[in-house]
Structure formats: structure tokens, C-alpha cells
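A.B. asks: Pasting in a structure now, in C-alpha cells, and then I'll have a few things to ask.
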Amino acid sequence: MKLSLITEIKNEITSNLKQLEESHNSLLNDYNNLKSNFEKLQQNVQDGEMKLTDLCAQIKKEQQWGRLSNLEIVGLPENSKESISELTIKIASHAGIKLTNDQIVSAHRVQPMQNVGGRPKNIIVKLQNRTIKDNIISGLRKTKGITTSDIELGGPAKRKNEESSAITINSVKDLLKIV
């Protein structure tokens, strides 16, 4: 009886040991699978980060390219009833360019990074293409500048020159900048 009890206990321990070993092997397989998946995910994250960096650089480059058709108008007095598009059309007309509202994608005033008291906000005009902007700049250079009276703004016809930051416009370089 003692021998059979010992044999029975031995068999039970052996059986439990086999189950434990199978459990251990199963957990080891699960661990190895998880480790492999984790390494793949790490590689995917690294690849994704590289793609994200490349895409950010590409977006930045395309945004810069898109800004080539932007016109910045500096020193134009502000008026509460102004239409930026109409002012832009008048400036283009003074330069000898026929500009339509369809060729203006957007036009608005922007706050400068450093606010200077008494200086009006700059105007940013996004045109359909760079050629239109280049033609306007070229035309204004030919007319030797522009005054507020040239675009039918009220007040004295003051000119803006490179030495001062007066309220009106003269230097095409100051009037129109590439953003």
C-alpha cells in the first residue's frame, strides 16, 4: 500500500510537472511572439517617424512654393470700409495690369510680428499664380512708385520712401514684397 501510494504521488507529480512544462512552453511561445510583434511595431514606428519627417519637410517646401504667388503690401493706410480686393485691383491697374477678383485667391490684413505704433497692418494677397504678381511688381517699377491718390485713397498724396516709414507708398520694394 505504501508503494502504491508513493507511485501514485510520483505519477501525480510527474503529471503536474508535465502540465507545468507545457504551460511554461506555451508562455514562452507567447512571450517570443509578443517580443517579435513588439520589434515589428518598433520598426513601424521608426519608419512612420521617418515618413512623417519627410512629409513635414515636403509640406514646408510646398507651402513656401505656394507663398511665391503672395504679394505683401506695406504701408497702405487702413480704412474701416476698405475692400482689400478692390485696393489690390486699383494697385494692379496703376501698374498697367488688368486684375479681376477671380485672380485673387485671398486678400487680408495681417498683424505684424512686432507691432509698431501708427503703422498700418500689412496686406497679404494670394494671387492665382506667380506671373500675375511678377507683372504687378514689374508694372509698378515702371511707374516709379505709387501714392495714395493714385489708388483713390483720401488724404494727401504722400509717398513712402526707403528712409522713412510714413503712412503712404512710394518704393515698390517697400510696397510689394514676396512673402
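The values are calculated or read from the model by the stated rules, or taken from the named source; none is laboratory data. Only a predicted model underlies this, so the values are computations on that prediction, with no experimental measurement involved. Neighbour counts run over all protein chains shown; Cβ positions are idealised from the backbone, glycine included.
A.B. asks: Considering only region 1-22, how many residues are of a type in the set (A, V, I, L, M, F, W, C) and either surrounded by fewer than 10 Cβ atoms within 10 Å (Cβ to Cβ) or touching an Asp or Glu at 6+ places or on another chain (Cβ under 9 Å) (or both)?
C.D. replies: Result for region 1-22: 3.
A.B. asks: Looking only at region 60-86, which residues are free of Cβ contacts under 8 Å to residues at least 60 places away in the same chain and under 19 Å from G118 (Cα atoms)?
C.D. replies: Hits for region 60-86 are E78, S80, K81, E82.
A.B. asks: Of all residues being of a type in the set (V, I, T) and closer than 17 Å to L153 by Cβ in region 84-104, which is surrounded by the fewest Cβ atoms within 10 Å (Cβ to Cβ)? Just the residue, please.
C.D. replies: Only one residue tops the list, namely I84.
A.B. asks: Restrict the check to region 115-131 and report whether at least one residue is among the β-branched types (V, I, T), outside any strand (DSSP E or B) and within 14 Å of I151 (Cβ to Cβ).
C.D. replies: Checking region 115-131: not a single residue is among the β-branched types (V, I, T), outside any strand (DSSP E or B) and within 14 Å of I151 (Cβ to Cβ).
A.B. asks: Give the residues of region 92-129 that are over 22 Å from R141 (Cβ atoms), small (G, A, S) and at pLDDT 90 or above, sorted by residue number.
C.D. replies: Listed by number, the list holds a single entry, S106.
A.B. asks: Applying the selection to region 105-127, what residues are of a type outside the set (D, E, K, R), surrounded by 14 or more Cβ atoms within 10 Å (Cβ to Cβ) and either in contact (Cβ under 8 Å) with a residue 24 or more places away in the chain or more than 17 Å from K90 (Cβ to Cβ) (or both)?
C.D. replies: P120, N122, I123, I124, V125, L127
To keep it simple, each residue is scored yes or no on (1) among the aromatic types (F, W, Y); (2) touching a strand residue (DSSP E or B) at 6+ places or on another chain (Cβ under 6 Å).
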{"position": "I6", "(1), (2)": "no, no"}
{"position": "K18", "(1), (2)": "no, no"}
{"position": "Y31", "(1), (2)": "yes, no"}
{"position": "N37", "(1), (2)": "no, no"}
{"position": "Q43", "(1), (2)": "no, no"}
{"position": "G48", "(1), (2)": "no, no"}
{"position": "L52", "(1), (2)": "no, no"}
{"position": "S69", "(1), (2)": "no, yes"}
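A.B. asks: Also, I was wondering about something else. Would you point out the residue of region 47-83, among those that are of a type in the set (D, E, K, R) and part of a loop (DSSP other than H, G, I, E, B), that is surrounded by the most Cβ atoms within 10 Å (Cβ to Cβ)?
C.D. replies: My answer is E82.
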